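Take a look at the structure below.
What follows draws every value from the coordinates through simple rules; no lab data is involved. It should be emphasised that the depicted structure is a prediction, and the values quoted were computed from it without experimental measurement. Cβ: placed from backbone, ideal geometry, glycine included. Neighbour counts: every protein chain shown.
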Amino acid sequence: MRRYLIIIEETSTGYSSYSPDLDGCVSTGQTKDEVERNMREAIEFHLEGLRQEGYAVPEPHTYSTYVEVPV
């Protein structure tokens, strides 16, 4: 089991998501829950495609944090 960071952004029509660790792996959804479900499926599909083509499955390497700055 691996944990991949996903970035979720609100758009004018719902939400979009991508994983910095998996180039080209993106998804959308009308709600936060939907985009998370769709992104999980997209990652599983993406990784299966990599395996079928004989590519190595990338190790997760990104992380997230917040920084505070004066406003």
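Here are a few things to note about the model shown:
- Each Lys or Arg adds one and each Asp or Glu subtracts one; over the other residues with Cβ under 10 Å from the Cβ of Ser27, this totals -1.
- Relative contact order of the chain, defined on C-alpha pairs under 8 angstrom at six or more residues apart (%): 27
- Sorted peptide list for 21-28, 5-12, 43-50, criterion being average Cβ within 10 angstrom, highest first: 21-28, 43-50, 5-12
- Working from label points 7 Å from Cα in the Cα-to-Cβ sense, the Val26 to Arg40 distance is 2.3 nm.
- Correct option for P(r) over Cα pairs in 10 Å bins from 0, in percent [calculated from the coordinates] among (1) 19, 44, 27, 8, 2; (2) 15, 25, 19, 19, 16, 6; (3) 23, 55, 19, 3, 0: (1)
- Degrees, to the nearest 10: 32-52 long Cα axis against longest axis of the chain: 30
- Within the shell of other residues whose beta carbon sits under 13 angstrom from the beta carbon of His46, the net charge comes to -3, with Lys and Arg scored +1 and Asp and Glu -1.
- Taking 0.36 nm per residue of sequence separation and removing the Cα-Cα distance, the Glu68/Arg2 pair yields an extension gain of 20.8 nm.
- In a reduced charge model with +1 at each Lys and Arg Cβ and -1 at each Asp and Glu Cβ, the stretch 7-52 shows a dipole moment near 60 debye about its Cα centre.
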